[in-house]
Number of protein chains: 4
Amino acid sequence: MYQALKERVLAANLKLPDYGLVTFTWGNVSEIDRERSVIAIKPSGVEYDVMTVNDIVVLDLNGNIIEGTLNPSSDTPTHLELYRAFPQLGGIVHTHSHFATVWAQAESDIPALGTTHADYFYGDIPCTRLLSKQEIAEQYEKNTGAVIIEEFQRRDLDPLAVPSVVVAGHGPFSWGKNGIDAVHNAVVLEEVASMAIATRTINSGVHIQRELSDKHYLRKHGANAYYGQR
Amino acid sequence: MYQALKERVLAANLKLPDYGLVTFTWGNVSEIDRERSVIAIKPSGVEYDVMTVNDIVVLDLNGNIIEGTLNPSSDTPTHLELYRAFPQLGGIVHTHSHFATVWAQAESDIPALGTTHADYFYGDIPCTRLLSKQEIAEQYEKNTGAVIIEEFQRRDLDPLAVPSVVVAGHGPFSWGKNGIDAVHNAVVLEEVASMAIATRTINSGVHIQRELSDKHYLRKHGANAYYGQR
Amino acid sequence: MYQALKERVLAANLKLPDYGLVTFTWGNVSEIDRERSVIAIKPSGVEYDVMTVNDIVVLDLNGNIIEGTLNPSSDTPTHLELYRAFPQLGGIVHTHSHFATVWAQAESDIPALGTTHADYFYGDIPCTRLLSKQEIAEQYEKNTGAVIIEEFQRRDLDPLAVPSVVVAGHGPFSWGKNGIDAVHNAVVLEEVASMAIATRTINSGVHIQRELSDKHYLRKHGANAYYGQR
Amino acid sequence: MYQALKERVLAANLKLPDYGLVTFTWGNVSEIDRERSVIAIKPSGVEYDVMTVNDIVVLDLNGNIIEGTLNPSSDTPTHLELYRAFPQLGGIVHTHSHFATVWAQAESDIPALGTTHADYFYGDIPCTRLLSKQEIAEQYEKNTGAVIIEEFQRRDLDPLAVPSVVVAGHGPFSWGKNGIDAVHNAVVLEEVASMAIATRTINSGVHIQRELSDKHYLRKHGANAYYGQR
């Protein structure tokens, strides 16, 4: 019944090792079917090279399993929280990809330093605040979603214009129109995270010009975009 | 009519992923036919693994499409500006290759620190000035070419003796006798950019001796060159 | 007689080049059969691509060769010292893997900076003290084991909760329930060692919250663990 | 007549791209036949993937071509100078391998920071002094050999106990009992050069204990060596 959704989610998950974004099982992709109000997500702790479409777990938006015999990713409550808060999202990916995780561990925003960043992210990529002891002790994964949402609301950010975040002390989440698009953004995030570290090593105070950032974002994503084949 | 030119341009573009210089579609190579006053260039936003010779776009030097049904790279006006200003150039490549882009983001010249650099580049690789708000707002891509030309003229540099530049906040352009030669120089640029970052980490003030730089450049490119099979 | 043990040890050793943890022959995995009081270990200085099951050496816990015609790894006395002191260990791996060795050379603990670390290691990964001249001169390899044991006892650490160490000036040892599990932990060690270097470059004073570290370790390894398929 | 020598030299040269030590044609291996007083070396500027045994050039110790139709590597006079000064050497390799070249560009010795280094190099790997203007202007490649020899004599080093050097502003040379052994040492050099950069980033003042360095070097290379199968 959810065969096509599950196949897309499997394919998106298998892109993670292809792009070098995961070690062992450290990542998961989900996709939402907004019409039927269900998500499909990777099972918890299953290796990518043995995963099949039947291992993908389908849940309703309250986290009840609709289809599948395995436990869903332990990060499922974070995905659900984000889908409920941001109706624009069609797919979400969480990894511990190397350089994005470094920024998360440094508890720092990833600064916008060049047009590679600006082509995909409209401004700095936010780092969340730390969770409180209480937020860690109870409903930790749900609260991880809540601090992401809080950060985007506090900064008044459109999640599709800044399609990634780093959770302080933890790692990145990316999203997009669907699962594959979310993974695409996770690849870009990793590359800009890596370049930002090296850039700040050479020139600690640099930041992209606001006008150049606007130009690159808008020539690709704005109303009068002229990048690509349209 | 432009079949051979288009095939050379396709081949040069396909070298970019082979050499690890591009993520997704972030790069483009062009080549000029000076006799017929046309250039051929990669189409905008097309993936390398599905690109065919028929996707390559042929334009005149005013940017009018002569052959091809796709939009040319959005960086085409930069390429055209460089071909018009520098009659020595036969091919141009633009990428967001990792370490060269780091120097662009740092808004810094890539200093000549060793003979690997000197074998290909006669002195530091310049970083352009930032574009003004006005230059970004109108004819941005053409003005990107213009600041490159301005930088080479201000420093009185021969573009074939320093066959690369980094555009501040953006990324590198390289060039050469033809498209493949431009890509070759882009590979060298990336390697020297990477080594320069690590070198400055160990020894922040170091720079190559002028005599050693001259020796290496001239034994390979000078009138009495003796490197290789001649 | 020890065929199954030797095959497991061969397979675990061959994982080392697969995971990029070794250059040439710089690594070794052993596994213990507690019932029969024997260990099996890689022979000294033999290349991975020519190693066969018959090359694996079986020894008793006093280091006497029971089976095999080659010299065992020169690090065998370190493995034996650890197996005797820590009855929880089923497998041990020693490598000179790049980033873990960097921390060993820096004579520094690998600080716990994020949940990637906390998912596998309960707190910082210790660096041993330097060996004395005397400890280096006599029974060096046995004393390498002794300083590891001393460090875990001094800090009151459970070796299965912190399944790695870096030996000052030398490199890492990891362990686990068996040889393959030890190699798995060595892969994680290398990844967290690498991320820790880059993290400290951006933010020199950062450390993971204690509560977040506990949460991640315990949701995976605690009595009420809910990560994976249980 | 020199077929076996040329085949060994070809094989050793082809190891350079396999080990990731070269970009394009930036490296060369030679081997000497002491009985017949000839060396064989890579031709200048020839790509590795088209090189055949007939391209290898055989020369006498004065640099006269004995066999072969191509120009020998432009670094041939450096190789010859080293073979004449150090009768222990059987093979020599020159590359611009990434991290060793970084130390050359930094004009700094590669400090001995751990046992990986000590297993192969008895103490720091020296960096030569800069060449004078005069030494660069005339017989540059021969003088490159001369400053290497000067450095080893000044420090009273045995070239087989410290089988590599970095030439200031240029890059590394390694050597060994034959061509393949020289390449082996070049791989180790690259790895220890890389680890030393990261180590000094974490702990700027660290150096290996003298006793630990001695122990590791001597257990592998000393009169009573017990590493490997002997």
For this session: Would you check if C:I66 is more than 14 Å from chain D (Cβ to nearest Cβ), touching a residue at least 24 places away in the same chain (Cβ under 8 Å) and surrounded by fewer than 16 Cβ atoms within 10 Å (Cβ to Cβ)?
Result: yes
Exercise. Under the condition of being among the acidic types (D, E) and under 28 Å from A:V166 (Cβ atoms), which residue from region C:116-154 is nearest to the chain's Cα centre (by Cα)?
Worked result: C:D124
Seminar exercise, completed: Considering residues that are modelled with pLDDT under 95 and surrounded by fewer than 20 Cβ atoms within 10 Å (Cβ to Cβ), the number found within region B:27-46 is 1
For this session: Identify all residues within region B:216-230 that are more than 24 Å from the chain's Cα centre (by Cα) and either among the β-branched types (V, I, T) or at the interface with chain D (Cβ under 9 Å from one of its Cβ atoms) (or both); write none if there are none.
Result: B:Y226, B:Q229, B:R230
Exercise. What number of residues within region A:20-43 are closer than 21 Å to A:L89 by Cβ and among the hydroxyl-bearing types (S, T, Y)?
Worked result: 2
Seminar exercise, completed: Scanning region B:43-64 residue by residue, the ones that are part of a loop (DSSP other than H, G, I, E, B) and over 21 Å from B:Q139 (Cα atoms) total 5
Seminar exercise, completed: Of (1) within 23 Å of C:K220 (Cβ to Cβ); (2) away from chain D (no Cβ under 14 Å); (3) touching a Ser or Thr at 6+ places or on another chain (Cβ under 9 Å), C:L160 fails just (3)
For this session: Among the numbered conditions (1) farther than 27 Å from D:E31 by Cβ; (2) buried (at least 24 other Cβ atoms within 10 Å of the Cβ); (3) away from chain C (no Cβ under 14 Å), tell me where D:Q134 comes up short.
Result: (2)
Exercise. Before we move on, is A:Q105 under 29 Å from A:H216 (Cβ atoms), at pLDDT 95 or above and not hydrophobic (A, V, I, L, M, F, W, C)?
Worked result: yes
For this session: Please find, within region C:65-93, the residue that is farthest from the chain's Cα centre (by Cα) out of those that are among the small types (G, A, S) and not in a loop (DSSP other than H, G, I, E, B).
Result: C:A85
For this session: Hey, can you tell me all the residues within region B:22-50 that are under 18 Å from B:A186 (Cβ atoms) and either among the basic types (K, R) or touching a residue at least 40 places away in the same chain (Cβ under 8 Å) (or both)?
Result: B:V22, B:T23, B:W26, B:G27, B:N28, B:V29, B:S30, B:E31, B:I32, B:I39, B:K42
For this session: Kindly establish whether A:P17 is surrounded by 20 or more Cβ atoms within 10 Å (Cβ to Cβ) and at pLDDT 95 or above.
Result: no
For this session: Could you list all residues from region C:169-183 that are surrounded by 23 or more Cβ atoms within 10 Å (Cβ to Cβ), of a type outside the set (S, T, Y) and touching a strand residue (DSSP E or B) at 6+ places or on another chain (Cβ under 7 Å)?
Result: C:G171, C:P172, C:F173, C:W175, C:G176, C:G179, C:A182, C:V183
For this session: Considering every residue within region C:154-165, establish whether at least one is within 26 Å of C:A40 (Cβ to Cβ), surrounded by 19 or more Cβ atoms within 10 Å (Cβ to Cβ) and touching a Cys at 6+ places or on another chain (Cβ under 8 Å).
Result: yes
For this session: Examine region C:186-203 for a residue that is within 11 Å of another protein chain (Cβ to nearest Cβ) and surrounded by fewer than 17 Cβ atoms within 10 Å (Cβ to Cβ), and state whether such a residue exists.
Result: yes
Exercise. With C:A85, C:A118 as the choices, which residue is modelled with pLDDT of 95 or more and surrounded by 20 or more Cβ atoms within 10 Å (Cβ to Cβ)?
Worked result: C:A118
Exercise. Does A:I180 satisfy being more than 7 Å from chain B (Cβ to nearest Cβ), touching a residue at least 12 places away in the same chain (Cβ under 8 Å) and out of contact with any Phe, Trp or Tyr (no Cβ under 7 Å at 6 or more places or on another chain)?
Worked result: yes
For this session: Give the number of residues within region C:161-210 that are over 30 Å from A:D109 (Cβ atoms) and not charged (D, E, K, R).
Result: 24
Problem set entry | Residue list for region B:96-115, restricted to those being facing another protein chain (nearest Cβ under 7 Å), polar (S, T, N, Q) and under 19 Å from A:E191 (Cβ atoms) | B:T101, B:Q105
For this session: Return yes or no: is C:E151 surrounded by fewer than 22 Cβ atoms within 10 Å (Cβ to Cβ), without any contact (Cβ under 8 Å) to a residue 60 or more places away in the chain and touching a Ser or Thr at 6+ places or on another chain (Cβ under 8 Å)?
Result: yes
Seminar exercise, completed: Selection from region A:196-214 of residues under 19 Å from B:I136 (Cα atoms) and part of a helix (DSSP H, G or I) yields A:R210, A:E211, A:L212, A:S213, A:D214
For this session: Look at D:T78 and say whether it is over 14 Å from D:T144 (Cβ atoms), in contact (Cβ under 8 Å) with a residue 12 or more places away in the chain, surrounded by 24 or more Cβ atoms within 10 Å (Cβ to Cβ) and in contact with a Gly (Cβ under 8 Å, 6 or more places away or on another chain).
Result: no
Problem set entry | Answer residue from region D:19-40, given it is within 14 Å of chain B (Cβ to nearest Cβ) and outside any loop (DSSP other than H, G, I, E, B) and is farthest from D:P72 (Cα to Cα) among those | D:G27
For this session: Read through the list (1) over 30 Å from A:K42 (Cα atoms); (2) at pLDDT 95 or above; (3) within 12 Å of chain A (Cβ to nearest Cβ), then give the number of the only condition that C:E211 fails.
Result: (1)
Problem set entry | Considering residues of region C:88-115 that are among the hydroxyl-bearing types (S, T, Y) and over 20 Å from C:V46 (Cβ atoms) only, the residue surrounded by the fewest Cβ atoms within 10 Å (Cβ to Cβ) | C:S108
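The values are calculated or read from the model by the stated rules, or taken from the named source; none is laboratory data. None of these values were measured; they are calculated from a predicted model. With ideal geometry, Cβ positions are generated from the backbone for all residues, glycine too; neighbour counts draw on all protein chains shown.
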